[in-house]
Each structure stands twice: as structure tokens, then as C-alpha cells.
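Heads up, the thing below is written out as C-alpha cells.
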Amino acid sequence: MNQALETSTRKVILSMLKTSGPLSVQEISKQLGITEMAVRRHIHSMEKDDLLETKLVRQAMGRPTNVYTLAPKADELFPKKYMQLTLDLLDELLEDQGHEKIERLFEGRQDKLESRYQPRMLDKSLEERVAELAQIQNENGYMVDWSPTQNDTYTFSEHNCPIAQVANTFGQACQCELALFRNLLDASVERTECLAKGGNKCVYIISKK
């Protein structure tokens, strides 16, 4: 079976479990028209990826059988409209309460992130703080790389922006990120390229104050 077909069958099984609820290997095999052995191979692969949960179900006749349901991690594979909902809510807030409310909203988010991550910066040199910030941003999907240049100066690049759609519309997101970096690093931070302004990545130059 080629890779494309393997992937397609896996997606179909996930969709079946999403729409039909718990299913046994036999039920999946019957609905798909493939062998139970083939179904078990897909099930085993998805269990290794933490996409499925299994439960032993007793039957009126015969031996108990395993049924499979989607694990919480599998929910991430299905389409979401969270970003559009966020944009719609921000637009409503802007129309109803104006720019000052939006400013306070983003500043409040910045304060919470700063409180969350400041303990990770304690007792570290600037280079260690830059490395820790890169780890934090990578944990949040920003695809960061960084490197020292000269005289305690560092280049910090984000190749992805998980909130790009928000940042494209609300520049406050970018302003608060810059302020957050300055506060966490206790350093001079300047942005020289920005994804939200048409750049290929977000680039920051970091140096001692």
C-alpha cells in the first residue's frame, strides 16, 4: 500500500471515529471494505501517535471486544475557526469600545505572559536569557533561531507567527511582543523585520542596555 493511500485511509478512520463514536476493528473493517489486519495496522500507528483511546466492551454473547475512540490530541487534526472567532470578537470590541480598550487588552496579555515567564529568566546571563526566550517561543510555535553576533549582541529570528492573522489587523500584538521581549531580557531589543509588515520573518537585534 503506498504512502498516500496509507495517509488517506488513516484520515478516513479518524473521520469515522469523529462522526460515529466508538468503533471496533471489525466495524471499521466492514465500513471501509479492507481487511481487519489492515485496520489493526492503522490503529497501531495511531495509538503510537497518541491519537486513539481504547476500551474493552463486554458483549451479550462472545468474548469482550476493544472499541476505539479519539484521544484529545486527535481533536487538533480537525478544522478550527478559533482565529476567525478571535478576529470577530476584537472587531466587535473595537467598534463598541474603541482603540483604548484594545490597547488595554493586549497590554493585559503582555503582563500575564511576563508574569508567567519571568521566573525562567532569574539568575541568567543575557545569552542564557536569549536562549530561554527562544525555548519559550518555540514551545508556542514561533520556529525561532538565534545567534550571537558581536559585543554581546544577538540576532533573534522568528520564522512563524501563530497569531499572524491577528497581528496583521491589530498592530498592538507586535508592539506588545517587542515590549515583552525587552522586559523579559532586561535588554535593548529592536525589531528590524516583521512578518506582519510583509517580511519573511520577524527579526530582532538584542544587546545589553
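Just so it is clear, none of the values below were taken in a lab; they were calculated from the coordinates. On a predicted model such as this, the values are computed, not experimentally measured, just so you know. All Cβ positions, glycine included, derive from the backbone under ideal geometry; neighbour counts span all protein chains shown.
So the values come out like this:
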read-out: Rounded to whole Å, sorted largest first: equivalent-ellipsoid semi-axes of the stretch 3-77, Cα gyration tensor; value: 20, 15, 11
read-out: Percent RCO, i.e. relative contact order, over the chain, from Cα pairs under 8 Å lying at least 6 residues apart; value: 14
read-out: Pairwise centroid distance, computed over Cα atoms, of the stretch 102-124 with the stretch 150-209, Å; value: 15
read-out: Entries of 18/48; 48/73; 11/55; 11/73; 18/55; 101/208 with Cα pairs more than 23 Å apart; value: 101/208
read-out: Cross-link partners of residue 80 among aspartates and glutamates (Cα-Cα below 14 Å; sequence separation of 8 or more within a chain); value: none
read-out: Peptides ranked, highest mean first, by Cβ atoms within 10 Å: ranges 94-105, 172-183, 120-131; value: 172-183, 120-131, 94-105
read-out: Whole-number D in µm² s⁻¹ for the stretch 82-207, Kirkwood Cα-pair radius fed into Stokes-Einstein, 10 °C, 1.306 mPa s; value: 104
read-out: Dipole of the stretch 1-90, positive direction: furthest Cα of 64, 23, 87, with charges on the beta-carbon; value: 64
read-out: Under 13 Å, Cβ to Cβ, from residue 166 - net charge with Lys/Arg +1 and Asp/Glu -1; value: -2
read-out: Cα gyration tensor category, rounded, prolate or oblate, for the stretch 49-130 with a/c compared to 1.5; value: oblate
